[in-house]
């Protein structure tokens with residue numbers, strides 16, 4: 001009985017093997033990280049990045065949009081310091097905000113669907129943000145960008161491997177979000 005308990009605890013709290021590269025197939029043609037499911041060999045805290053790495057992926061995609069050349073693995077290692085419980089449940093929404101805030105970015109925040117849509121209406125034509133939301137299978141982070149003044153946004157890593165996932169925020173809420181509250185941070189220029 002003690003051996004079974006010890007094996008259970010070891011599996012629960014053991015750290016996955018660290019790999020020093022991310023498969024090129026996990027990136028889009030323009031350099032965004034869009035396929036979290038392929039990160040099975042990358043650790044993030046005490047879990048695999050394929051399970052709980054959406055927070056650092058959203059931060060990496062935001063930084064990539066802003067023109068920073070920080071490698072994705074470096075972002076993951078920096079964000080590991082902000083994980084609660086060793087990252088067993090992934091990143092905390094405030095940790096994502098804090099990480100980017102410490103890098104000099106300022107945001108407007110919204111916590112409802114209506115607030116998110118209001119933020120987007122007031123934002124400039126070229127903007128980026130991160131949304132933390134609940135879907136049918138759990139919680140998730142996704143970065144979104146708008147490169148022109150239109151209503152359509154490009155969502156990154158919301159659907160694993162989707163190169164060009166473009167839709168309005170209302171369509172995103174209707175298709176993917178299963179809980180009325182979400183946290184959206186939008187870059188304030």
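Where a number appears in this text, it was derived from the coordinates with a stated rule and is not lab data. Values in this document were obtained by computation on a predicted structure and should not be read as measured data. Heads up, the Cβs are rebuilt from the backbone with ideal geometry, glycines too, and the neighbour counts pull from every protein chain shown.
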Mean-square fluctuation maximum in Gaussian network of the chain, Cα pairs under 10 Å, restricted to 90, 67, 161, hits 67
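Could you tell me which of rounded, prolate or oblate describes the stretch 41-139, using a ≥ b ≥ c as the square roots of the eigenvalues of the alpha-carbon gyration tensor, with rounded for a/c under 1.5 and, failing that, prolate when a/b is larger than b/c and oblate otherwise? Intermediate results must be reported in sequence, preceding the final value.
On the way: a/c = 2.09, a/b = 1.39, b/c = 1.51.
Oblate, since a/c reaches 1.5 and b/c is not below a/b.
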With axes computed from alpha carbons, what is the tilt in degrees of helix 54-65 against the longest principal axis of the chain, rounded to the nearest 10 within 0 to 90?
40
In degrees between 0 and 90, to the nearest 10, how far off the longest principal axis of the chain does helix 2-13 point, with axes built from Cα atoms?
30
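Taking R0 as 30 Å, what's the FRET efficiency between residue 159 and residue 84 from their Cβ-Cβ distance, rounded to 0.05?
0.65
Using just the helices of the chain, give the 222 nm mean residue ellipticity in deg cm²/dmol: DSSP H runs with n ≥ 4 each add -39,500 (n - 2.57), and the total is spread over all residues, rounded to 500. Intermediate values should be presented prior to the final figure.
Working: 7 runs with 65 residues, N = 189.
Mean residue ellipticity, 222 nm, calculated: -10000 deg cm²/dmol.
How large, in Å, is the chain by the Kirkwood hydrodynamic radius built from its alpha-carbon pairs?
Numbers: mean 1/r = 0.0588 Å⁻¹.
Roughly 17.0 Å, rounded to one decimal.
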With Cα coordinates, the longest principal axis of the chain makes an angle with the long axis of helix 113-122, in degrees rounded to 10, of 50
